[in-house]
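Worksheet for the structure shown next.
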Amino acid sequence: METLNNDLFYDILRRLDGATLASAACACAAFCAISKEERVWEDVCSSLWPSTKRDDVKRLILSIGGFKKFYADCFPLIVNKDVPEFRWKDYPEYSEEWAEAEFYGDYDELENVSPSDFVSIVDIKYKEKTICSKVIWGIPNANVYNGWFSDCPFRIDLFSYSARDDDHAGEVTLSVSDGLPPVTSIERERKEGKLWQELRDGIKLSWIIVNSKAKQAANLSSWCALDGQRHWPTNQDFLLHFGSIVPAKDILPYQVIKCIITMKFRVTHIEGSGSHTSLNLTELCMQLGDMEGAHVNGRNSLFVLKEALGCGRSKDYNLVLKSCQSYSKVQSEIKEEKIRHENRLDTLYIVGGITAFLWLCYYFCKMG
């Protein structure tokens, strides 16, 4: 190997994925030296996230520490092992005033975190083919001092409303030529589910959030879909859910919340043998939801996003899945306990009403 030119080594290493490149760097001093070069990691990032090829995104990545740091921050998925077990006494009913005082903080604190600090870098692949790359600077239509954004549910839409309209052709389209199985009829697809299976297994999503002020970045998506719904809300719609469990300690009472990324495809064309089957991506959005199923408002979402950029990571997708399953289990237990609690209250009200009625009857009988 000492007789070979370093340019040859560089040409080989720049074609590797990030994990293989990191392993190769441990093999010898020559590989280690090459693996420290930013241009090698730039190739790795542009291959994995095509949106990083943009000049403005390149400048952003360099400003927060470079491509090697960006890859190290964004390739591993967010894993939160601190999903608490359900104990009803830990989740008391709390008044709005108490929640405001204890968790939401002061508006002055928001001077340290602003919607303009965040950048969304989104890449969607189907069977390793990039079908969409978008970058959103800041949080659209958000103003931290605007009461509408602060108090309303937080949501980032990758597409505008017009792109989700039924009459719109759609910015992202998949067809049989991309590898979709042909569909001869929706009725047959409902029975066999081949299109749904291919879509669920083939779509990969990366939603990277960058805080330009804090110089941090993280991938809030789970790469593969966590779950989904087919034929919702219509027979021609397919819904996929991605996301992660992120910390909300000292921000919200439940300590952890779920980043929910929703992707919806619609069957737009079926003809004859199905050779012209096509799908349009009609919706892609990100929201933050708490354990009671409520969406977090804009003010608290800024704090949560900032906190998420510093939490633990792992390359093990199974750990991500386990974290989300633990969260869903606790969420279901909370909902069930709330229903039981409400039923007990209803029973007490009924018993109290009957008791009061009997006492009134007794009183009038005595008076009569």
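Coordinate-derived values only; no laboratory data. Treat the numbers as computed from the prediction; the structure is a model and nothing was measured. Neighbour counts are summed over all protein chains in view; Cβ atoms, including those assigned to glycine, are modelled from backbone coordinates with ideal geometry.
Principal axis analysis of the Cα atoms in the stretch 6-75 yields extents of 34, 20, 17 Å, listed in decreasing size. Each part reduced to its alpha carbon centroid, the stretch 226-270 and the stretch 293-308 end up 16 Å apart.
Each residue of the stretch 193-287 gets 116 Å³ once the volume of the Cα convex hull is shared out per residue.
What does the extension gain come out to for Cys28 and Lys129, with contour length at 0.36 nm per residue minus their alpha carbon separation? Provide the component values of the computation, followed by the final result.
On the way: separation 101, 0.36 × 101 = 36.36 nm, distance 3.34 nm.
Gain on stretching Cys28 to Lys129: 33.0 nm.
Checking every one of the GluC sites (Glu not before Pro) in the stretch 171-212 against DSSP loop status and a limit of 11 other Cβ atoms within 10 Å picks out no site at all. Straight-distance candidates among the lysines for linking to Lys53, with alpha-carbon spacing under 17 Å and chain neighbours fewer than 8 residues away dropped: Lys68, Lys69, Lys125, Lys129, Lys134.
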